[in-house]
Every structure is written in C-alpha cells, then in structure tokens.
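Notes follow once the structure below has been shown.
The numbers here are math on the coordinates, done by the rules we state, and not lab data. Keep in mind that this is a model prediction, so the values were computed, not measured. Reconstructed Cβ throughout: ideal geometry from the backbone, glycine too, with neighbour counts over all protein chains shown.
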C-alpha cells in the first residue's frame, strides 16, 4: 500500500514548482474563505481593473498615451456609473415601492386562485391540502418579512462602510491600473525564478478572467436593457425592476434564468390573467433567453470559457456555498482555473513525452 502511494506521489508531485503552485492555491483559497469580508474591496478593485483594462488597451492601440487613456477610461466609468445611479436606481426603487404596496392584494388574489383548485381538480387537491399550502405560504412570507426587517436594521451601521467602499474601490482600481507592472514585479520576486508551470497557468487565467469579467458586464447590460424595452413595449408593470433582475440573473448561468421566470410569470399573470398578453410576455422572455444563450454568450465569450453545463452548475453550487455571491460570480473562472492547473500539471509521463518530442526535434 505504501509503495502504491509513493509511486503515485512520485508520478504527480515530482516537480517542485507544482508543489509550490499547490501551496499558493491552497493559501489563496484559505485567505478568501477565512477573510472574505476583509479582501472584498481588493477583489472588487481587481474586477474593476480587469473591466477597465480593456478600454485602456483599445485606446492605446489607437496611439493614445497610457496616462491619458487611463484618465479617459476612469472618467468615462465614473460618468456612466453616476448616470446609472441617477436614472436607473430611482426608477427601480419607485417600482419596488409600488410592488410592496400592491403585494397584499396580489397575495389575496393568489389565495383566491388556490381556493379554486379543489373545485377544478378535486382528484388532485382537497380543501384541507389547499388550506395547508396557504398557511405554509403565509408562514414563509412572514419569515421573509422578518428577515428583511432584521437585515435592514442590522445593515444600518454598515452604510458608512458601503459608502467608503464606493470611494475606496475605484481609487484602488486606479492605482492597480497605474502601477500594475510594479505590482507584478513585486509579486514575481516572491516566486521561483524558473516557473514555466505558473506562467502557463497565469497567462491562461489572465485571458480567461479578463474575457469573463468584461463579457459578463456587457451581457448584464445588454440583456437588462433589451428586457426593459421589450417589457415596457408590451405594457408589463415593474418592467425596470424585472429587467434589473433578468440582467443580474445571467451571473448564475441556467439557474438564474429559471429563478427569474417565476416573478415574471407571477406579475404578468396578476396583471392580465392567463390571456394573450401573458403569453406574449412569456414568449418574449423565452426569446430573450434563447438569444442570450445561443447568440450573445458565444459572441462575447467565444471559446474562452469551454466548460460543460454540468460542470458550471456544480461550480456555482460549490463555490457559491463556500464564498457566497462572490463564489457565484467567480464560479466559472474558478472552475476554469482548476481545469487549467489540471491540464498543465506536470507528471512523470508528461515529462517523458516532452523529452521524446524534444529529442525528435
């Protein structure tokens, strides 16, 4: 048994760089899981830096000096963010207040519809079963309401922290972009001089994360904007609120789209009933999801994120459970990182194949 274990260790951990990389990955995951709240501003700044670097690189290709390109990009981002806050946020907040005001009437109408089930489908539903379902829904709504109140009270002291993050994160992202080469040189001094495995993984992941972050932000904006205009044209109430939900749902592939279908269907049904307007809204939403998954996603991400749907959903569940919303957002890049490390991991057999290729050349 010991010989088998020793043989396996010699096969997969004979390279010193592989062991160092494994320790670095373990240290990184440990820091994220144990100090997630502390490193959140740094992670948010890195995301913003990856996002803005694309526009900076485009301006540099147009022969704009990097300091000027950095200044233009930051000002454009700040202007776009301010416009979004002044236009989108009040609209969504207004619709959210109207929804909460009309929610009791919706719940009453839903209760009336449930009470009709024993008459329409007596084989499947009894009055006692429907009564239990209604009571369970009331309990869950009460629990959700209490949770919202408790969270609102608990987060009041953190308002200043959130405002501080809104100021700190853009500043940190600015300095990351301005001093990125000094930052990389400082990090590289702590690593081995010869590091082909780390370089291979880094180059692949740098392209992957940059492609993913920029593509995902563009996808959120486009899907949300198209959804708003379509729902508004169809006359669906709370179109801005639903559009924001649909846009953010693309962060969680497959699962997000399925989850957002429920409020869209509920609001459309309470507004029109099971008529033609309800059917138009649901068909329009399905068309948007189809175009997103089959046209927009392949166009934005190309072959950079080449993972099966099963792997993506498992990654969302695992990393989301370990790291919350950040784990959900980075589920695909983290799964891609594991795949990149696995593909580049040196083994005795791989070293032998590389030596044979070198000798043949």
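Which value results for Rg/Rh of the range 54-100 when Rg is the Cα radius of gyration and Rh the Kirkwood radius based on the inverse mean 1/r?
1.32
Quick one: length gained pulling residue 325 to residue 279 fully straight, 0.36 nm per residue minus the C-alpha distance?
Full extension of this stretch gives 13.3 nm more.
Give the order of 334, 99 when sorted by the count of other beta carbons within 10 angstrom, beginning with the fewest.
99, 334
Place the peptides 335-344, 249-258, 82-91, 269-278 in order of packing, highest mean first, counting for every residue the other Cβ atoms within 10 Å and averaging per peptide.
249-258, 335-344, 269-278, 82-91
Within the range 266-295, name every residue whose backbone N is under 13 Å away from a label modeled 7 Å from Cα of residue 102 along the Cβ vector.
Those under the cut-off are 266-273.
What order do you get for 73, 193, 261 when you list them from fewest to most C-beta neighbours inside 10 Å?
Final ranking by Cβ density, sparse to dense: 193, 261, 73.
Rounded to the nearest Å, what's the spacing between the alpha carbon centres of the range 37-83 and the range 166-212? Just the number, please.
That distance is 15 Å.
Compute the distance in nm between two label points, each set 7 Å from the Cα along the Cα-to-Cβ direction, one at residue 91 and one at residue 313.
Calculated label separation equals 3.4 nm.
Report the label-to-label distance for residue 126 and residue 112 in nanometres (one decimal), using points 7 Å from each Cα along the Cα→Cβ vector.
2.7
Label residue 58 and residue 20 with points 7 Å out from Cα along Cα→Cβ: what is the distance between them in nm?
So the two model labels end up 3.8 nm from each other.
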